Amino acid sequence: MEGDVKAFKIIIAFVIAVPVLFFALGTLLPKQTQLQRSIDINAPIGTVFHLVSDLREFSRWDPWSKKDPNIRVRFSGPDLGVGSVRSWSGNSQVGSGSMTMTGYNPNASAAMSILFGQAGAGDARYDLVEKGSTTTITWSFHTVHQNIIARYFGLAVEDMLSKDYEKGLASLKAIAESEPLDLIKTQDVSYKVDGTELNGFLAYPVGLLDPVPGVLVVHEWWGHNDYARERAKMLAKEGYVAFALDMYGDGKLAEHPQDAGKFMEQVGTKTALAEARFDAAVEILQKNYFSDPNNIAAIGYCFGGAVVMNMARMGKPLKGVASFHGGLGGLVPIDSSRQSSIAPMLVLNGAEDPFVTAEQKQQFQQEMNVAGVTYEFVDYPGALHSFTNPGADALGEKFELPLKYDQQADDDSWQKLKEFLPRVFF
């Protein structure tokens, strides 16, 4: 009996001692976990910064997304900069949580706060330094352990995160070094005007240090299609923030000239509806992180050419507009009270375009001269309607329309645009 009591006392003492020892040792463990890893990347600093600061790019290289191919990710807040949020939910290896951008210094540093579901929180930071053609990035992580148990957990976290950070930086290096030097970022943008869903397309160059001029792209009468998007990407490669807007809405794309005509008539080129949808696109550019809100121009093709000329003639706050094979008939009259605010115009026309008559050309130039508006009118010999669109020949043959692509006129008109924009912006 006496031996049983002694054994029981030993067990009780052990049961008491283990927790005491656990907590005693826990008080000696670090109150915080701090990690730091660096790597040299043979890529421009703008490319590297883009990959770590744009949360939509994060899954391309981060080490955790690869642990769950079915990870669910959603975004909220602004697209870029402070306040942008990436939330995730996945398997037991990745858990759930969110990261919120708290610091954003283009091509220098980015910081974010991270919530790991019920497991705690921490702060991550990326610091970048460019040395010649090499970018050195330092990825650091810091978390404070709120209790003894968290301190023990911190020991495991430190070892686990160290390996993950090294894998992530290696992946970041591989991706950044494989990106093209003229890398641009593109993004679909959904917005509404008076209840109508509009679908635009944003393109801008990666690695911008300061806001740059923005250019709106207004589509042909077929609607917001790949051609308008391609022109937006071409503008981005020239160093601008470009937004290909949507004048029709609700996903309308014409496959037949009759449909295109109906869509165009519904919106028109000089109606309050057209103005409201154009203004909404201007606002999107003005609010974009990389776009200079005081330096916005607009270009348009066919139907879009008439739209941008009308908006300029109405006195919209544009630095300049360029029309490619746009209609000249029925433009809004120039308001004499707004003559001084009318943006310079570059009008690029096909001399053989049957949709633009000699009388319309003469009347247009006379109006502009009388009003004292700065403009350049170019009439390309032999060029028909839609001369900038490589798909014009097929459409012309299919629907028996006077549409034809002209390589020389296309190249020259784009060159003239590239010369025109710097003049009106700077």
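The values are calculated or read from the model by the stated rules, or taken from the named source; none is laboratory data. These numbers come from a predicted model, not from an experiment. Cβ placement follows ideal geometry from the backbone for every residue including glycine, while neighbour counts extend to all protein chains displayed. Heavy atoms of the whole protein, side chains included, go into the accessibility calculation; ligands, DNA and RNA do not. Shrake-Rupley method; radii C 1.70, N 1.55, O 1.52, S 1.80 Å.
Points worth noting:
- Residue count, the stretch 169-179 (criterion: open to solvent by 30 Å² or more (accessible area, probe 1.4 Å) and in contact with a Pro (Cβ under 8 Å, 6 or more places away or on another chain)): 0
- Among the residues listed as Glu255, Glu238, Glu265, the single one being open to solvent by 50 Å² or more (accessible area, probe 1.4 Å), touching a strand residue (DSSP E or B) at 6+ places or on another chain (Cβ under 9 Å) and not hydroxyl-bearing (Ser, Thr, Tyr): Glu238
- Counting residues in the stretch 45-66 that are of a type outside the set (A, V, I, L, M, F, W, C), more than 30 Å from Leu285 (Cα to Cα) and loosely packed, with under 15 Cβ neighbours inside 10 Å gives zero.
- Inter-residue pairs, beta-carbon under 9 Å, first free of Cβ contacts under 8 Å to residues at least 60 places away in the same chain and in the stretch 47-68, second part of a helix (DSSP H, G or I) and among the aromatic types (Phe, Trp, Tyr), 6+ apart: Ser65/Phe58
- Matching residues, the stretch 237-259, being among the small types (Gly, Ala, Ser) and in contact with a Leu (Cβ under 9 Å, 6 or more places away or on another chain): Gly239, Ala242, Ala244, Gly249
- In the condition set (1) touching a His at 6+ places or on another chain (Cβ under 6 Å); (2) in contact (Cβ under 8 Å) with a residue 60 or more places away in the chain, Gly350 is compliant with all but (2).
- Hey, Ser92 small (Gly, Ala, Ser) and modelled with pLDDT of 90 or more or not: no
- Of the residues Asp210, Asp188, Asp182, Asp194, the single one that is at pLDDT below 95, touching a Phe, Trp or Tyr at 6+ places or on another chain (Cβ under 7 Å), of a type in the set (D, E, K, R) and surrounded by fewer than 17 Cβ atoms within 10 Å (Cβ to Cβ) is Asp188.
- Per-region count, the stretch 60-112, residues of a type in the set (Gly, Ala, Ser) and closer than 20 Å to Arg37 by Cβ: 6
- Of the residues in the stretch 339-358, none is over 24 Å from Thr271 (Cα atoms) and aromatic (Phe, Trp, Tyr).
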